[in-house]
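Enquirer: Handing you this structure, nothing more for now.
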Amino acid sequence: MARSEELQISTAKRAYRNAKEEGNRQEEARWANVIGDILKNRGEYVEALKWFRIDYDVSNKYLPEKQLLPTCQSLGEVYLRLEQYKDALIYQKKHLDLAKDANDLVEQQRASTQLGRTYHEMFLKSEDDHYSVQNAKKYFKSAMKLAQTLKENPPNNKSSFLKEYIDAHNNIGMLEVDLDNLDEALKFLAKGLAICDEEEVVEDDDGRSRLHHNLGNVYMELRRWAKAREHTEKDIMICKRIGHRQGEAKGYINLGELHYRVQRYDEAILCYQKALDLAKSMEDEDALVAQIDQNIKTVKEAINVMNDLKKEEQNLKKLKRNMVIAKGTPQERKFLLLQNSCLDCLIEKSAMIFAWLKHREFAKRKKRIASELCDKEKLSDAFLVVGESYQKLRDFSKAIKWYTKSWEGYKSIKNLEGQALAKINIGHVLDCNGDWTGALEAFKEGYRIAVEAKLPSIQLSALENMHYSHMIRFDNVEEARRLQLEIDKLKQSKVEELDEKHIATDCCSETDTEGDDHCSDDMSSACLEVLRKSGSNGSVPLAASGESNDDLPLISLIRPSKRSPKDKTTDTANNNISKEPDETSPKSLSKSTSNQQTVVGRKRVRLVLSDDEGDVPHEVECSARRLHKRPVDFAASDEFTRKISPASSDDKLQDTSPVASRSPSRPCNLINIEESTCSYKSVGNRTVSNGKNTRSLSNAEVVIGSDYADSASKCDINASENLLHRYNSPLKLQATDNEVDGCMEFKIDDNKINVAVSSFMAADKISIEPLKVELACLYYLQLPVEKRSKGLLPIIQNMECGGRPLESIENLDSLRNHLMNVSVDVLINGWIQKRLMKLYIDSCKELCETPNMKLLKKLYVSEVEDEVNVSECELQDISVIPLLNALHTHKGVALLDLSHNLLGNGTMEKLQRFFSSSGQKYGDLTLDLHCNRFGPTALFQICECPVLFTRLEVLNISGNRLTDACGSYLSTILEKCRALYSLNIERCSITSRTIQKVADALDTESVLSQLFIGHNNPISGNAISSLLGKLAILKRFSEFSLNGLKLSKTVVDGICHLAKTSCLSRLMLEGTAIGTDGALRLTRSLFSSTQEPLKLDLSFCGVASTYIYELNTNAIFISGILELHLGGNPIMQEL
């Protein structure tokens, strides 16, 4: 204890004794509170509680009720730190009630903050506590609102309440982290930091420290290592300067994890050692010390795994050399199987230490080996692992591509188990990518297949993911409850017996049992030893088993995707404890774990790696038998690395899993999952990799050399260079795409450009046109400034390899044979001006941003620059800024397609400013924003932009979670945007209330001709009937979509009336279940009067063969139909 602290507490105790002797109750209570606060700040919570109880008893007996405010606050805070939540809530609610009675906004704000934190912690430690997360949101939002009110109208001149306002952003940001909304979290945390800068908050401020800490964690989850390191180091320096040892220790823990994530193990151990020294210097921080010790052990185990991986790579090289000799002999197949098994082991090891680029390299090699073996099951397994690699690397579009290939492969061989797992994996990626509706559908499909195949463990995984979606994503409490009952029921069933029965009857692939002894002895023993240490739910890697691994089904390794309440008790010690955001709190809200997996009941589980092996479930024990048929929700890589726990401050947010919280203030035998938000399944550990979206580090962006090669006249360009190169970061340790897939050298004039082979190969065929586009963009980027100033890009004509046109080379193998050491000569046929592209690149340079390669390609192929299509470019609110700046300079835009990106409301605000300042008041405008992350207030920006009232003709906002909060905005848009003829609001989570507002906004003057409202739920028949009545009076209405809505007889009658009164050209009723009678009535109505031929979609409507018979017998029907879709109906079964 420091001398000043000794003196401080001694003085306070002397003042307390004097007040007590004098009978001065007010001073007696005050000094008891002061002593308790000093002890609390030193981490001596039990002793602090004793003094706060004295304060409360004295105040309650002798003082006015208002005097209980500070003591209730203090008691609530300490009980929270001790994780006694019921007691904490009692005093915090009393604190809030007293503050309301006294009309004291200051205390109301403090009480709301504490209540939010308590409910937040309860949510993190629960299975499915929907009530807690709702209350956490409510109280955090209330605290922010009150803080803003107090900041704008402070009750006195002593405090500006700026600190509370900043901390409120931190609190909500951390809640968003735990709800897997990293982009929203980044938005709140960055705004908090921006407020610090705007208000000129001093650099050495504990509020800044928390924000830097949490931003460092969020960037770490987004794999933006340079940013993560920058913020974490700032956090450490601030804590050091203000003497906050606990915060400094936790900063070093997070810096250690950052080094650990990129395999810088020596630096990681140094950081953990610094954290350990600081933790040992503090009182009551035994849990923190224990966690750091565990983290150091985990790093040392990772070093062993890395060494084993290097040895096994040498083993693989020997097998490859032997393969060359065995080519064309009877031994060829044997060596292929040995390589396949060795690659399984390497995939396992690389996943365990987060070497995801290595993991991808091995996965793609495994794919090639499986192709040579002509084994469809192994090939499907390989596709699944490649998908995992891309998911862990946050390239979600490629992850979906490979998972879909895997699903198709399993489907072709009728492997229901593989299909179910692939569907669940796809669901995880969609969820990570913000497509929550699509994710839920994928989980449902995975569940349906698992039920059909009688795979209870996969059913459980799918049900838990569905439960998570309904509870967290869609706020559907009733459905979440129903699913929880299903989960409980399934857990109680005899899963073991069913699994054993399945194992006994399952068939294996013809190559499943071949080549078992695939890994070196060293590797096998290392894998076994590490995962034995891994603890209760650990699994044995592929190389660990001496028995045949390949003859067991995937089901043998399925484990529950959530842990039991019993398991959860291990993570709760002294974590997630809040401090009030006032001057007495050196670390207000969490320096969070920032782990994306912090939400309860989530899709995947992190395993405990403790020394307790007594509670290993049957499914985990099975994992030694066939790790390459691994379940969806667990992975050895995640299990292993979860021992590394990034720091959380006293109030750090805890993860829901046994390893969830990265709080250093709790005992942790636990392991942190890396960065993803989904569980995974791999060969060895087949994962459904997790993760929130961030810009791709491989193909989505390209790094331009220093200052965009302004001074370069001749240069070599590597098209796949990692973003870390841009920062010259020491954290870059893993291979780039070129090192994994190989690259090809192209020569344009005197410039050499290296392009990753994977970027222009499609199904082992060379894609010439995409390659030409990429080369043109890369060539332009390396030109000196003076040559780029005109915005002229090359038109690639021919590419020749050794005198032979590149397009004449059949496949990759042929290409490699021709290439050897020869470059591909590229001939330029001319130049084309791309002004917008030039403006975009210039804007990137100004903002020190790396140009997005996908976006550059889109701009290059665009024939009309006024039509800007940048869909599927992985754009986020920050990375889209250079494009918006370029558009601002460019001025004219007739079409803007931003669909299938990761944009939020911040982008919509910038768009509104762009359109308002563009000066373009005339000309049609198409705005396609579907499948992003816009919320209801995004539409408010359109309502606030008068320019759009006259220009906006097409608005597609489908696939965004608008909810009914958008109803009034949609109504305003329909009333004011008089040129609007097409509106698409499908899959926007709206209900009858919003549809009714849309109907009310329509009048006879509206030019609306296309309306799409499908796949929203629930929408009542009355609301649709009301809408149909309004559509019937419109003069130009012609296209209508009700896809996915269950339509009643009354609604079908309304559609029949609309068909008679309007000249429909397209009617989409897929999945509406109108049946044969409804379809016939509608068809008769459509063609009872003179009408243009139309497109009619009745797929999945329950239409029987009777309908076909009626069509055949009535020539008028046939002549009036331009297109008719009847897929998914039981017609062929009856014919």
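Enquirer: From the phi of every residue in the range 254-270, what ³J(HN,Hα) in whole Hz does the Karplus formula 6.51 cos²θ - 1.76 cosθ + 1.60 yield, where θ is phi - 60° and glycine or proline is x?
Expert: So the J values, rounded to whole Hz, are 5, 5, x, 5, 4, 5, 4, 4, 10, 6, 9, 6, 4, 5, 4, 5, 4.
Enquirer: Separation between the residue 300 and residue 448 pseudo-spin-labels, each 7 Å from Cα along Cα→Cβ, expressed in nm?
Expert: 5.3
Enquirer: Additional query: Residue by residue, what Karplus-based ³J(HN,Hα) values in Hz, rounded to whole numbers, does the range 774-786 have, using 6.51, -1.76 and 1.60 with θ = phi - 60° and x for Gly and Pro?
Expert: So the Karplus estimates, Gly and Pro as x, are 5, 5, 4, 5, 5, 4, 5, 5, 8, 5, x, 4, 4 Hz.
Enquirer: With a ≥ b ≥ c taken as the square roots of the eigenvalues of the C-alpha gyration tensor of the range 1000-1135, please select rounded if a/c is under 1.5 and otherwise prolate if a/b is larger than b/c or oblate if it is not? Before the final figure, lay out the partial values.
Expert: Details: a/c = 2.11, a/b = 1.37, b/c = 1.54.
Oblate is the answer for the range 1000-1135, as a/c is 1.5 or above yet b/c matches or exceeds a/b.
Enquirer: Another one. Spin-label point model (7 Å from Cα, Cβ direction): what's the residue 103 to residue 481 distance in nm?
Expert: 4.0
Enquirer: Taking 0.36 nm per residue of sequence separation and subtracting the Cα-Cα distance, how much length would be gained by fully extending the chain between residue 888 and residue 307, in nm to one decimal? Please report the intermediate quantities before stating the final value.
Expert: Values: separation 581, 0.36 × 581 = 209.16 nm, distance 5.32 nm.
That works out to 203.8 nm of additional length.
Enquirer: Give the lysines whose C-alpha is closer than 19 Å to that of residue 489, dropping any in the same chain fewer than 8 places away, or say none.
Expert: Output for residue 489: 444, 454, 562, 566, 603.
Enquirer: Shifting gears a bit: For each pair in 838/891; 311/349; 401/752, compute the distance between the two Cα atoms and list the pairs where it is over 20 Å. Each step should come with its number before you reach the end.
Expert: Values: 838/891 14 Å; 311/349 11 Å; 401/752 31 Å.
Beyond 20 Å between Cα atoms: 401/752.
Enquirer: Taking a ≥ b ≥ c as the square roots of the Cα gyration tensor eigenvalues, with a/c under 1.5 meaning rounded and otherwise prolate when a/b beats b/c, else oblate, which class fits the range 218-368?
Expert: prolate
Enquirer: Mind giving me the nanometre distance, one decimal, between the label points for residue 795 and residue 1007, set 7 Å out from Cα along Cα→Cβ?
Expert: 3.6
Enquirer: Here is a further query. Given the range 1000-1135, what count of lysine pairs have C-alpha atoms under 17 Å apart, with each pair 8 or more places apart or on different chains?
Expert: Value for the range 1000-1135: 4.
Enquirer: Tell me, in nm to one decimal, what length is gained between residue 53 and residue 825 on full extension, where the rule is 0.36 nm per residue of separation less the Cα-Cα distance?
Expert: Details: separation 772, 0.36 × 772 = 277.92 nm, distance 8.21 nm.
So the chain would gain 269.7 nm between residue 53 and residue 825.
Enquirer: Over the Cα atoms, compute the radius of gyration (one decimal) and Dmax (the largest Cα-Cα distance, rounded to a whole number) for the range 862-990, in Å.
Expert: 13.3, 39
Enquirer: Oh, and also: Where a ≥ b ≥ c are the square roots of the eigenvalues of the C-alpha gyration tensor, would you call the range 86-150 rounded, which needs a/c under 1.5, or, failing that, prolate if a/b is larger than b/c, or oblate?
Expert: Oblate, because a/c is 1.5 or more while a/b does not exceed b/c.
Enquirer: Further, regarding this structure: Past 32 Å, Cα to Cα: identify those pairs from 187/858; 187/787; 392/772, in the order given.
Expert: Beyond 32 Å between Cα atoms: 187/787.
Enquirer: Of 976/997; 376/405; 320/376, which ones are farther than 18 Å apart at the Cα?
Expert: Over 18 Å apart, Cα to Cα: 320/376.
Enquirer: For residue 869, which sequence-distant residues (separation of 5 or more, or a different chain) have an amide H within less than 5 Å of its own amide H, given hydrogens modelled in the peptide plane?
Expert: The list, which skips near neighbours in sequence, is 897.
Enquirer: Sticking with this one: Using only the alpha carbon atoms of the range 1032-1079, find the Kirkwood hydrodynamic radius as the inverse mean reciprocal pair distance, in angstroms to one decimal.
Expert: About 11.1 Å, per the Kirkwood formula over Cα pairs.
Each value in this text was obtained by applying a stated rule to the coordinates, not by laboratory testing. Since the model is a prediction, treat every value here as computed from it, not as a measurement. Please note: Cβ atoms are built from the backbone with ideal geometry, for glycine as well, and neighbour counts cover all protein chains shown.
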